[in-house]
Amino acid sequence: MVDALGVAVVGFGWMGRVHTQAYARVRHHYPQLALRPELVAVAEEVPGRAEEAAERFGFASATRDWREVAADPRVRAVSVTAPNFLHREIGVAMAEAGKHLWIEKPVGLTGDDARAVADAVAKAGVRGTVGFNYRNAPAVEAARDLIASGGIGTVTHVRIRLFSDYAAHPEGALTWRYERERGGSGVLGDLASHGADLARFLLGDIASLTADTAVFVPERARPTGATAGHALASGGEPGPVENEDYVSCLLRFASGARGVLEACRVSVGEQNNYGFEVHGTRGAVSWDFRRMNELAVSRGTTYQDQPVSTVYVGPGDGEFAAFQPGAGNAMGYDDLKVIEAYRFLRSIAEGRPYGATLADAVHGAAVLDAMAVSAETGTWVSLPAS
Ligand SMILES: NC(=O)c1ccc[n+]([C@@H]2O[C@H](COP(=O)([O-])OP(=O)(O)OC[C@H]3O[C@@H](n4cnc5c(N)ncnc54)[C@H](O)[C@@H]3O)[C@@H](O)[C@H]2O)c1
């Protein structure tokens, strides 16, 4: 028996489109899903953008006011894909209105915001899923399984990197992302949030850390019109960049392993260079998002000159089988969001969590807050165990 579930999307930029397409595709890949999402409403503040989305993707209604979505009884689940400063207000309001929540990372501007949304979701008894999509990659799940089974021995250290050039252009518009009030932190919330989640997903709790941050492009042009994504604003009036372009961080895990996390949004020559290298006493495993379906694995007891192999993930790894029949057929970024949609809808259908939850967002936000404190004070900052 398949029930219809009315869904809405709030904020129709890049992520709004990707969530919408994931709802549209999810049953193609997961026909066993007990819920069929129906695109009931889209809310977007830029005039005309919601109507355009409704026309193109088939939402039954369009509005500029997300409060209409909160009040709409047809809507049972909501994707919050608006800028970070709205996550708390919209997330809490939707949960209080009894809507299940699929909300983008970093879930607000601070750990307090993430906790407020998590508390509202728990109080309302609805389900909450967070957009930590990189942990959904079958290769990342395979790496986690390999590490957990002792396949590379005891983990000694890890390097996690998230380098991007999306903000490298000096004429990149001064959008909400660069303002404290609307974006919160800079590359911490935008990219290091994914790194913090991957670190914990792969290796468990981070016990303490110390971080350094920097702004490399201190001024940008204010946008001359509505923006989405990473638009240029040539000729716009200049304004200050209020949050960090770069972070480097030393990590100590509760397990005793050590780590380095580095993230930058202005890395010329780096396009989504995201990944990790995990080293253990008997081997290593590494992953590069740009070769999303591969792992480099070294394992055995040779220690010195031990070979490294490329492993193509296949139907036995994570959710790969829902997308491709055999190893070597590539999955892509949007597929990770289809997996996220599946886990969100399954958690609603079965009343228990699947995939990244708001508790994960709270832990991730605590790590980011600790990085910000450390960068400010120059000290090591301890984190509570989860
Ligand atoms: N998981 C990922 O890999 C990933 C990637 C990119 C962005 N994100 C997250 O997704 C969120 C959105 O990012 P994006 O890249 O789609 O940004 P974007 O700027 O492309 O889109 C945001 C949209 O929200 C709209 N908006 C602003 N105020 C609104 C309001 N009051 N009501 C309704 N709509 C409103 C904007 O007009 C815009 O269309 C951010 O929190 C970001 O951190 C996650």
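Values quoted throughout were computed directly from the atomic coordinates according to the rules given, and no laboratory measurement underlies them. Keep in mind the model is a prediction, meaning the values are calculated, not measured. Ideal geometry is used to build each Cβ from the backbone, glycine not excepted, and the neighbour counts take in all protein chains shown.
Worth pointing out:
- For the pair Thr154 and Arg180, the difference between a 0.36 nm per residue extended length and the Cα-Cα distance amounts to 5.3 nm.
- Once the C-beta distance of Ser309 and Thr377 is scaled by a Förster radius of 45 Å, the resulting FRET efficiency is 0.55 to the nearest 0.05.
- Two-decimal Rg/Rh across the chain, once Rg and the Kirkwood Rh are taken from alpha-carbon atoms: 0.96
- A simple rule links phi to the HN-Hα coupling: the Karplus curve 6.51 cos²θ - 1.76 cosθ + 1.60 with θ = phi - 60°, which for the range 207-224 gives 8, 7, 7, 9, 9, 9, 10, 8, 10, 9, 10, x, 9, 9, 7, 5, x, 9 Hz, with x for Gly and Pro.
- Helix-derived mean residue ellipticity, 222 nm - over the chain, DSSP H n ≥ 4, -39500 (n - 2.57), to 500: -9500 deg cm²/dmol
- You can think of it this way: the chain between Leu250 and Trp14 has 81.8 nm of extra reach, that is 0.36 nm per residue less the Cα-Cα gap.
- Applying the Karplus relation 6.51 cos²θ - 1.76 cosθ + 1.60 with θ = phi - 60° to the range 241-250 yields 3J(HN,Hα) values of 7, 9, 9, 6, 8, 9, 9, 10, 8, 9 Hz, where x marks Gly and Pro.
- With a Förster radius of 30 Å applied to the beta-carbon distance between Val46 and Asn272, the computed FRET efficiency rounds to 0.70.
- Residues Tyr30, Tyr333, Tyr312, arranged from fewest to most other Cβ atoms within 10 angstrom of their Cβ, appear as Tyr333, Tyr312, Tyr30.
- In plain terms, the residue of Trp176, Trp102 with the fewest other Cβ atoms within 10 Å comes first and the most crowded comes last, giving Trp176, Trp102.
- In order through the range 18-32: 3J(HN,Hα) via Karplus (6.51 cos²θ - 1.76 cosθ + 1.60), integer Hz, x for Gly, Pro: 5, 4, 4, 5, 5, 4, 5, 8, 4, 7, 5, 8, 10, x, 6
- Dipole magnitude of the chain, debye to nearest 20 (Cβ charges: Lys/Arg +1, Asp/Glu -1, about Cα centre): 920
- Ordered by the count of other Cβ atoms within 10 Å of each Cβ, fewest first, Leu109, Leu162 give Leu109, Leu162.
- Stretching Arg291 away from Ala349 to a fully extended chain increases their span by 17.6 nm, per 0.36 nm per residue minus the current alpha-carbon distance.
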